[in-house]
Amino acid sequence: MKNLMFFLLAIPLFFSCGDASSDASDDIKKESSACEFVQIQKDMFNDILNGMPIEEANKKYAKSKDQFEKMTKENKEDFEEFKQCTKGDNELNNIITNITDFAKKNRIQEIEGIFSVITIDDSVYE
């Protein structure tokens with residue numbers, strides 16, 4: 001009888017352990033999803049617009065940029081998902097417009113992001 005009680009108490013532990021591991025693997029997939037990089041790009045450009053020096057932003061987001069480049073090289077399907085994540089994203093478009101204006105105003109020729117590089121032509125300054 002005593003063994004039966006221990007057995008009944010142990011059964012839920014077996015099921016809960018299995019679920020936790022699958023939740024962890026889902027979190028890993030989420031962190032490296034293409035749409036996550038869109039949000040990281042927004043965060044980076046917002047940090048720059050809010051006064052973070054570009055060099056500091058590049059250091060802060062260097063790991064994410066490396067992960068994005070690795071993802072696009074390894075899996076073309078994720079790159080297609082990335083295109084879908086950026087398509088029609090008005091917030092992203094507004095941020096890119098603001099960061100372009102910021103670059104022109106501050107005479108910065110290039111702001112390199114996670115996936116979007118803003119390049120200002122020298123003729124703008126003439």
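Points worth noting:
- Every residue from the range 59-114 that is part of a helix (DSSP H, G or I), aliphatic (A, V, I, L, M) and over 17 Å from the mean Cα position of the chain (by Cα): Ile99, Ala103
- Set side by side, the residues Asn58, Asn46, Asn75 differ, and just one is out of contact with any Asp or Glu (no Cβ under 8 Å at 6 or more places or on another chain) and at pLDDT 85 or above, which is Asn46.
- Counting only residues that are within 12 Å of the chain's Cα centre (by Cα) and loosely packed, with under 15 Cβ neighbours inside 10 Å, the range 44-58 holds 0 of them.
- Matching residues, the range 62-72, being within 19 Å of Lys42 (Cα to Cα) and either at pLDDT 85 or above or among the polar types (S, T, N, Q) (or both): Ala62, Lys63, Ser64, Lys65, Asp66, Gln67, Phe68, Glu69, Thr72
- Glu74 passes every criterion in (1) closer than 16 Å to Ala34 by Cα; (2) open to solvent by less than 70 Å² (accessible area, probe 1.4 Å); (3) not small (Gly, Ala, Ser) apart from (2).
The values are calculated or read from the model by the stated rules, or taken from the named source; none is laboratory data. All figures in this text were calculated on a predicted structure; none of them were measured in a lab. All Cβ positions, glycine included, derive from the backbone under ideal geometry; neighbour counts span all protein chains shown. Accessible surface is based on the protein model in full, side chains and every heavy atom, while ligands, DNA and RNA are left aside. Shrake-Rupley method; radii C 1.70, N 1.55, O 1.52, S 1.80 Å.
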